[in-house]
Amino acid sequence: MFRRGFSIPISYSRIRIELAETASLYFFQQRGVRFWSKYKLMQGASNHNLACDKMNGKMGENKMNAVTEKLFQKYPELSGCENDIMAAFAALKQCYENGGKVLLCGNGGSASDCEHIVGELMKGFLLQRPVSAGLREKLRQAAGDDADYIADHLQGALPAISLVSHSALITAFANDVAADMIFAQQVLGYGKPGDVLLGISTSGNSANVLRALQVASALGLSTIGLTGRSGGLMAKHCDVTICVPWDTTIDIQERHLPVYHTLCIMLEEAFFG
């Protein structure tokens, strides 16, 4: 689900191959209003070949298809979310390519999902992610005989911060200021233009998540929502909203996990594959 009525042509075979590399999700601020500045699906055989070339060494067509097809084979009902999953992947990938980070917020089970996602992004998930030769050499200069041990026990990371983890700040702000503004305050402190805020709410109506999304939009962050069938109020505050087609909390949460696992797998393949 794209904000402000934005839609993309339904062509799943092309979406899988082209969207991650060729659909550019750029945002800019003009007179306080956020616009999509570019969203281009490549057309024609020559452009398609160029897209495949660009993906060499990152995520080839076969790997892309394998990841998404496995998801939809196991959870056929999620196939209707394919465009939004791929758009979320494109936004996250662009964020990391530009040196950004991902902030995450949610409540209850969704808070646990935030922690889970950070665990998959900040260390090896399905891949080992060895550090670069350049970093290993810098460690030799800084750590001497300890360098190889340190380098062998580090893994490449995709920067991500779970906003639900900061118990002292959260309780202080809830007590002293306003509970529904907790995540918004953290977004103000951590968020930079080009970062991504991923808000998780099974109802789509969690007040503290909505406030965070509003502040993120004002600061120039890209916003992604993960929610249930209706989208709730979250849908109008997110650049991309993934609405799994279920209505009860437990059913929605069970489908959120394979969605974000898929996103984490694709990101890992893109940067460390």
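The values are calculated or read from the model by the stated rules, or taken from the named source; none is laboratory data. What you see is a predicted model, and the numbers here were worked out from it, not measured in a lab. Please note: Cβ atoms are built from the backbone with ideal geometry, for glycine as well, and neighbour counts cover all protein chains shown. Note: areas computed on protein heavy atoms with side chains; ligands, DNA, RNA excluded. Shrake-Rupley method; radii C 1.70, N 1.55, O 1.52, S 1.80 Å.
Odds and ends about this structure:
- At a probe radius of 1.4 angstrom, the accessible area of segment 177-273 per residue rounds to 34 square angstrom.
- Straight-distance crosslink candidates among aspartates and glutamates, where the alpha carbon sits under 20 Å from K63 and sequence neighbours closer than 8 are dropped: E18, E21, D53, E82, D84, E97, E120, E268, E269
- For segment 132-214, carbon and sulfur atoms together expose 55% of the accessible surface, with a 1.4 angstrom probe and every protein chain in place.
- Relative contact order of segment 105-203, pairs being alpha-carbon contacts under 8 Å that are 6 or more residues apart, as %: 38
- Scalar couplings 3J(HN,Hα) for segment 166-173, obtained by applying the Karplus form with A = 6.51, B = -1.76, C = 1.60 to θ = phi - 60°, are 8, 5, 5, 5, 4, 5, 5, 5 Hz; x denotes Gly and Pro.
- Listed residue pairs exceeding 20 Å between alpha carbons, taken from K101/K138; K70/K236; K93/K123: K101/K138; K70/K236
- Mean Cβ neighbour count within 10 Å, used as a protection proxy, ranking 242-249, 191-198 highest first: 191-198, 242-249
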